[in-house]
Structures are given as C-alpha cells and as structure tokens.
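Following: one structure in structure tokens, then a few remarks.
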Amino acid sequence: MDETLKRRVLIEGVKPEIDCGRFPVKRVVGETVTVEADLFADGHDALSAVLLHRPEGEGDWAETPMEPLGNDRWRASFAVDRLGGFRYTVEGWIDRFGSWTRDLAKKVEAGQDVAVDLRIGAGLLRDAAGRAGRSDARVLRGLAAALEDDADPERRIALARDPETTALAGRWVDRSAATRYSRELAVVVDRERARFSTWYEMFPRSAAGGSKAGPARHGSFADVEARLDYVAGMGFDVLYLPPIHPIGRTHRKGRNNARKAARDDVGSPWAIGAAEGGHTAIHPDLGTLEDFRHLVEVARAKGIEIALDVAFQAAPDHPWVAQHPEWFRRRPDGTIQYAENPPKKYEDIVPFDFETESWRELWQALEDVFEFWIDQGVTIFRVDNPHTKPLRFWVWALGRLKQRHPETIFLSEAFTRPKVMYRLAKLGFTQSYNYFPWRNGKHELTEYFTELTRTEVAEYFRPNLWPNTPDILTEALQIGGRAAFVQRFVLAATLGASYGIYGPAFELMESTPRERGGEEYLDSEKYQLRSWDLERADSLRELIGRVNRIRRENPALQSDRDLVFHGVDNDQLLAYSKTARDPRGEVENAVLVVVNLDPHHRQSGSTALDLGALGIDPEGMDDRPFQVHDLLTDARYLWQGPRNYVELDPASVPAHVFRIRRRARTEEDFDYFL
C-alpha cells in the first residue's frame with residue numbers, strides 16, 4: 001500500500017504565510033511567531049499536531065504542541081532568539097490513544113461495559129512501548145498489563161484516564177502516517193531597531209551655522225559631531241544623512257532647482273560623482289573618510305546610529321561614466337540618457353542601464369557600494385527610489401547582504417503604487433516609506449493604518465512614518481500653522497513605532513512652498529546651503545524631546561501590532577490605542593491617543609472606548625473609575641466606562657497622549673495614583 005494513502009490528516013489555511021510561502025514574515029529578536037492552521041481528517045478520530053521550527057541552516061526541528069481552538073483550527077507559537085532566519089511548518093496525525101481515551105470516557109459516562117475497550121487500550125500502550133526508550137517502555141508495558149490484569153474495573157478506568165498515562169503514550173505516538181505541511185515557511189529576524197526607531201534627517205553641509213543672511217561656510221563632519229548633542233537631546237537614535245559623495249558639475253542644478261547653476265551653487269547631493277570620486281568617495285568639503293569614521297564612533301557613543309543614503313544613479317561626470325560606458329544608456333545622438341519623469345528633466349543625473357549586457361559587473365559594483373560603507377561602520381541605509389530599479393536586483397543584493405550582515409537595516413524610499421511598495425518589503429527591505437504624509441482625515445487614517453497593522457500586511461511591511469522630507473512639504477503643513485506640525489508629529493510618533501522627521505525644517509516649522517500647489521520647499525536644502533537658528537523660541541524641539549521620551553518609557557508605543565481605533569462622536573477627533581502585553585497576554589502598558597485633526601478650531605466629543613483593548617474589564621462588570629494621565633501636559637483625569645468627554649484646542653496642544661493608570665476605588669483614591 002502506498003504509504004501516502006495512510007496520511008489522513010489534511011492541513012490548510014496556515015497563517016502567517018506570505019504568497020504561498022514565497023516570502024518570509026518579519027520579526028525582531030525576542031518576538032514570537034504565532035502560527036495557526038486548519039487540521040482535519042475523515043471520520044471522528046482525535047488529532048494531534050505540532051509546530052516545527054528551527055534556525056535557518058540547522059537540521060533538527062524543535063517541536064511545540066499545537067492547541068485546538070475549535071472548528072478544526074489549531075495554534076502554537078515559538079520565539080525567535082537570534083538574528084538571521086528561521087523555518088517553520090506544521091505536522092499533524094491521527095491520535096489513536098487520544099481517540100481511545102475520549103471514547104472510553106463517553107462509554108463510562110453512559111454506564112457501558114468497557115472491559116474490551118480496556119484491552120484495546122492495553123494494546124495501544126504496548127505498541128507505544130515498542131517505540132519508546134528503555135525506561136519509558138518498561139512503564140508503558142506495566143500500564144498495559146495493569147489495564148488487562150487488575151481486578152478492580154474502577155482502578156483500571158482511572159489508570160487509563162490518568163493524564164500521566166495519556167502524556168506518556170502521547171510521547172511515543174505512532175507518527176509514521178503523519179502529514180507534514182507541503183511547505184517550509186520562513187522568518188527573517190532583525191534587531192530591535194528594525195521595529196522601533198526614531199530618525200532625524202539633516203544635511204551635513206548645512207550644519208556649520210551662520211547668520212540669517214546666509215551660511216558662513218560649507219558644513220563638515222566635525223560640524224555634524226557638534227550637533228549630535230542637539231539630536232540626542234531630542235531623543236533620536238538614527239541620524240540619516242543624504243548622499244555625502246562628490247557632486248557632479250555637469251548640468252549642476254542651481255538654487256530652487258534652477259536648470260543653470262551660478263558659480264557658487266553647490267548642486268544636489270543626489271547628483272553623485274565627480275572627478276573626486278563616486279559612490280565610495282566623500283565630498284572633500286565634508287572631510288575625509290577618517291573624519292566620517294570618527295563621526296560614526298562618536299554618534300554611537302551617544303546612542304545614535306548614522307544612516308546613509310544609497311542612491312544608485314550618477315552625475316554625468318561620475319568616474320564610472322568614463323570607466324564603464326556600457327553601464328549607461330545612449331540616445332540616438334550619442335549622448336547619455338539623463339533621468340526624466342516627463343515633463344520633468346533631471347539632466348544632472350544619469351540612471352544606470354540595468355539591462356546592459358554587462359549587468360553582472362554592474363550589479364556586483366553596486367553591491368560593493370553597500371559593502372564599502374558597512375566596512376566603515378554603517379549598518380542602516382535609506383535606499384533612494386528602489387522601485388525604479390529591477391526587483392530581481394534587490395532580491396539578489398539584499399539577500400546576499402543580509403546573509404553576511406544580518407544586523408543591517410534597509411529603508412525603502414518608494415512612494416509608488418501599493419503593490420510595488422509591498423513587493424519591495426516582501427523581497428527584503430526592512431522598513432518602508434508609505435502614504436502617511438497624505439492621509440489627513442479620520443476615515444482615511446483609520447482605514448490605512450488598519451490595513452498596515454491588522455491585516456497580513458503587518459507580517460512583512462514595517463512602515464516608517466515621515467510627516468515631511470526634503471521632497472515633501474504637504475499642503476497640511478503649508479496652511480495649518482504650528483498646530484498642524486504638532487498634530488502630524490504626534491500622529492507619526494504614536495501611530496508608528498518607527499518614524500522620522502526632516503530637520504531642522506520640521507522643528508522650525510518651515511512651511512513655505514516654492515510654488516503654489518507644489519510640495520517643494522522654497523530655498524530647498526537640496527540645492528543650496530541653509531542656515532538654521534536652532535535656538536528659536538518657537539521651536540518644537542522641547543515637544544519632540546518629550547514625545548520621544550514617552551516613546552522610550554512606554555513599550556506600547558514600540559510596536560505596531562496592537563493598534564486599535566476607538567470611537568469618538570466627532571469626525572475631527574481621532575482616538576486610538578496601543579498596548580504591550582506580558583507573556584500571559586495581559587495588558588501591562590496601555591497608551592490612548594486622542595488627536596484634534598482640525599488645526600484651526602477647538603473640537604470636543606464623547607469617546608466610545610473598547611475597554612477590553614485597553615486592559616479594562618470589557619464586560620462592564622467593574623465600573624470603578626480609571627485614571628488617564630496625559631503624558632504631554634501631566635494632567636490627570638478620572639474616567640469611567642467607555643464614554644468620556646474630551647476637548648482639544650489646537651492653539652495649545654492639539655492632542656492627548658494618555659497612559660492608562662490603575663483603577664481608582666473611590667473619588668478619594670485619586671491621590672493614590674500620583
């Protein structure tokens with residue numbers, strides 16, 4: 001008989017599983033992977049199932065018993081305790097001894113004669129003894145003999161139903177006809193900063209200071225070092241630098257993206273490459289490679305990692321243009337094809353031709369760029385426009401890099417179509433830019449973040465929320481004033497476990513567009529040096545530091561998986577919570593955020609809280625008050641039940657960030673919380 005015909009258990013609906021197992025799910029060290037699956041068979045036999053899991057490359061599977069949830073659904077979890085990859089799958093089998101004990105119990109309760117049944121059970125125990133180790137085999141044979149020979153029927157029945165008997169028999173169950181799921185599924189495990197990170201972007205060349213009339217000089221890495229305390233004081237742990245390489249002179253852009261540059265214009269850092277070098281060279285005005293290494297070390301000592309921009313494009317005078325002309329596409333007139341997004345022309349940039357006959361050499365050279373900067377101590381990269389390069393290249397490059405350097409983090413800067421965005425995340429990017437800058441209304445925020453955090457998307461797509469970037473000054477920030485900046489900042493920092501701001505433009509509330517209807521900044525740092533008054537009295541620096549401290553002190557804000565939206569009877573008020581749970585699944589930290597989405601008017605309303613999501617009695621059996629502590633203002637309020645009044649004035653602080661405190665027993669207990 002074909003052995004496969006004996007495998008009666010069917011396995012379906014395994015979760016998480018991304019695109020039939022083609023792509024891994026994502027976790028960080030210390031997290032768990034909870035796996036569910038449907039397991040069923042013909043007839044009425046009892047089933048048993050295990051979750052099999054192992055680190056990538058190891059041969060032996062560890063097993064975790066799966067628990068039935070009802071309706072043929074089973075669940076188990078395992079922890080990932082190291083960087084790299086893990087594998088998991090599911091196995092199930094007919095549990096003959098479990099079926100026997102279940103049926104025996106039914107017959108006993110019905111008052112039936114079970115003498116023959118006990119003999120059947122004895123046979124099953126002897127079969128188990130034949131598979132068992134020496135000591136367990138001896139015990140199993142003794143149990144089998146007792147089921148057959150003991151004169152006391154009640155004792156025989158009790159022995160058969162003893163949990164220790166069942167456990168021992170289950171340890172040596174016959175799994176020769178077990179069904180294993182047809183796929184081994186994968187997990188990629190990153191370090192904690194992949195899940196929880198706080199980014200600050202700044203242009204090193206504008207770090208030198210200067211007067212309001214204009215910067216005194218081009219900034220350097222030493223100037224960036226001098227600003228590290230400023231960045232650390234606001235609570236950022238990643239300092240992201242736009243390209244630090246020599247900037248091309250051919251077709252260099254002038255201020256405000258002028259097509260012709262003046263003699264002293266510095267050009268766009270994304271026009272990479274000049275006589276001084278290309279993607280592994282440093283702009284001479286910034287310093288030397290040794291200066292950069294020193295910056296990386298000093299930043300790390302202050303708890304900050306340096307992230308670098310990787311933009312795979314070149315200026316027309318990049319050394320590779322002369323050394324490897326086959327890596328670039330030529331037009332019929334013999335000139336190199338510059339970058340275009342009609343009607344826009346980017347003549348200071350020439351894209352690589354990924355379809356060149358020399359693609360292998362090009363791909364290797366680009367991978368070597370990452371390796372070079374990893375050698376300098378950089379392990380976080382923001383990748384510019386990855387969606388304009390072949391997806392197969394990223395599969396190849398990121399796969400190889402993560403295998404050698406599992407600590408690396410890659411942020412995908414792809415503001416593109418959703419399916420392309422998601423595919424980049426699936427194939428290896430650690431974090432992703434997203435549509436947050438343009439989600440403003442209550443409905444669209446709720447809908448979008450429910451998709452990102454409560455669907456399968458959460459298994460592979462880690463959003464990094466940016467209210468602004470050097471390319472994006474949204475209409476909301478242009479017209480909303482200080483309240484809009486605060487509102488968008490609180491949303492980014494609390495909706496997302498990872499977020500970033502482009503500064504100092506953000507904390508100094510830069511809001512003037514280059515032209516009406518556009519999102520480019522007037523006098524953008526992309527094309528000129530800027531001077532920033534970091535000590536301005538109206539700076540958001542203090543608020544940013546307070547919110548980042550709140551994020552560090554509340555584990556609930558360090559993950560996206562427990563985001564829940566709550567009702568408020570005002571469409572201008574958005575309420576949502578995040579929680580952190582202990583190993584038993586109990587809420588140990590809960591943060592409730594309420595944001596006024598209207599930057600111009602005071603708004604009020606009544607909440608409709610999901611108390612269970614906050615770790616408060618969901619059945620309403622315990623109606624004692626609970627305290628909400630506003631971590632932004634230090635105000636404390638006693639609330640009771642799901643409906644509570646909120647009012648937010650954008651002229652002061654347009655948001656509450658409440659930590660849910662323990663219940664109060666009486667009104668007089670208020671001081672108990674302080």
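Provide the packing ranking of 549-560, 32-43, 530-541, i.e. peptides ordered by the mean count of other C-beta atoms within 10 Å per residue, highest first.
549-560, 32-43, 530-541
Carbon and sulfur together cover what percent of the accessible area of the chain at a 1.4 Å probe radius?
Roughly 47 percent, rounded to a whole number.
Can you compute the radius of gyration and Dmax for the chain, using only the Cα atoms, both in Å?
Rg, Dmax (Cα atoms, Å): 30.9, 107.
Please find the FRET efficiency linking A275 to T450, where r is the Cβ-Cβ separation and R0 is fixed at 51 Å, and quote it to the nearest 0.05.
The formula returns an efficiency of 0.45 here.
If packing is taken as the average number of other Cβ atoms within 10 Å across a peptide's residues, how do 65-78, 258-271 rank, most packed first?
Result, highest mean Cβ count within 10 Å first: 258-271, 65-78.
Apply the Karplus curve 6.51 cos²θ - 1.76 cosθ + 1.60, θ = phi - 60°, to the phi angles in the range 103-116 and return the couplings in whole Hz, x for Gly and Pro.
Taking θ as phi minus 60°, the curve returns 5, 4, 4, 5, 5, 4, 5, 8, x, 7, 6, 10, 4, 5 Hz for the range 103-116.
With just the Cα atoms defining each centre, how far is the range 188-210 from the range 391-422? Give it in Å.
18 Å
Pull out the extension gain between V420 and W396, defined as 0.36 nm times the separation in residues minus the alpha carbon to alpha carbon distance; nm, one decimal.
Roughly 6.9 nm would be gained on extension.
E456 accessible area, nearest 10 Å², 1.4 Å probe?
80 Å²
Once you have the alpha carbon radius of gyration of the range 583-653, what is it after dividing by 2.2 N^0.38 Å, with N set to its residue count?
1.25
Give the separation of the Cα centroids, the range 582-602 to the range 249-308, in Å.
Cα centroid of the range 582-602 versus Cα centroid of the range 249-308: 40 Å apart.
Give me the dipole magnitude in Debye, nearest 20, for the chain about the Cα centre, with unit charges on the beta carbon: positive for Lys and Arg, negative for Asp and Glu.
Using Cβ point charges on Lys, Arg, Asp and Glu, the chain gives about 900 debye.
What nm value, rounded to one decimal, do you get for the distance between D149 and D285 when each label is placed 7 Å out toward the C-beta?
9.6 nm
If I take R0 = 60 Å and measure r between the Cβ atoms of T633 and S135 in this structure, what FRET efficiency does the formula 1/(1 + (r/R0)^6) give, to the nearest 0.05?
E between T633 and S135, to the nearest 0.05, is 0.35.
Report the relative contact order of the chain, percent, no decimals, based on alpha-carbon pairs under 8 angstrom and at least 6 residues apart.
Worked out over the chain, it gives 10 percent.
Count charges around D42 for me, please; just the other residues with Cβ under 14 Å from its Cβ, Lys/Arg as +1, Asp/Glu as -1.
+1
Run the simple label-point estimate for H44 and H294 please: 7 Å along Cα→C-beta, distance reported in nm.
Here the modelled spin labels are 8.2 nm apart.
Positive end of the dipole of the chain, charges at C-beta (+1 Lys, Arg; -1 Asp, Glu), about the Cα centre: which of A169, L648, L391 has its Cα farthest in that direction?
Positive-most Cα among the choices belongs to L391.
FRET efficiency for D375 and L69, Cβ-Cβ distance as r, R0 = 56 Å, nearest 0.05?
Here the calculated transfer efficiency is 0.70.
Length gain on complete extension for the stretch D538 to T335, per 0.36 nm per residue less the alpha carbon to alpha carbon distance?
68.1 nm
So who's got an amide H within less than 5 Å of the one on I247, skipping anything under 5 residues away but keeping other chains? H placed 1.01 Å off N, in plane.
Amide H neighbours of I247, under 5 Å, 5+ apart: G273.
Helix 442-454 versus the longest principal axis of the chain: what angle, 0 to 90°, nearest 10, using Cα atoms?
50 degrees
Using modelled amide H (1.01 Å from N, peptide plane; none on Pro or chain starts), what sits under 5 Å from the amide H of L534, excluding residues fewer than 5 places away?
Hits under the 5 Å cutoff: none.
Structure shown: which of K344/K419; K253/K344; K15/K402; K260/K526; K15/K419 lie over 22 Å apart, alpha-carbon to alpha-carbon?
Over 22 Å Cα-Cα: K344/K419; K15/K402.
Using θ = phi - 60° and the Karplus relation 6.51 cos²θ - 1.76 cosθ + 1.60, list the HN-Hα couplings for the range 564-577 in order, rounded to whole Hz, with x at every Gly or Pro.
Karplus values, whole Hz, x for Gly and Pro: 10, 8, 10, x, 9, 7, 8, 5, 8, 10, 10, 10, 7, 9.
Taking a 1.4 Å probe, which of W394, W438 shows the most accessible area, and what order do the others take after it?
The most accessible residue leads, giving W438, W394.
Going Cα to Cα from K6, which aspartates and glutamates come in below 16 Å? Please leave out same-chain ones fewer than 8 positions away.
Counting by Cα, and skipping residues close in sequence, K6 has these aspartates and glutamates nearby: D42, D45, E91, D95, D174.
The values are calculated or read from the model by the stated rules, or taken from the named source; none is laboratory data. All values reported here derive from a predicted model rather than from experimental measurement. Counting neighbours? That spans all protein chains shown, and the Cβs are built from the backbone with ideal geometry, glycine included. Side chains are part of the model used for accessible areas, which takes the heavy atoms of the whole protein and leaves out ligands, DNA and RNA. Shrake-Rupley method; radii C 1.70, N 1.55, O 1.52, S 1.80 Å.
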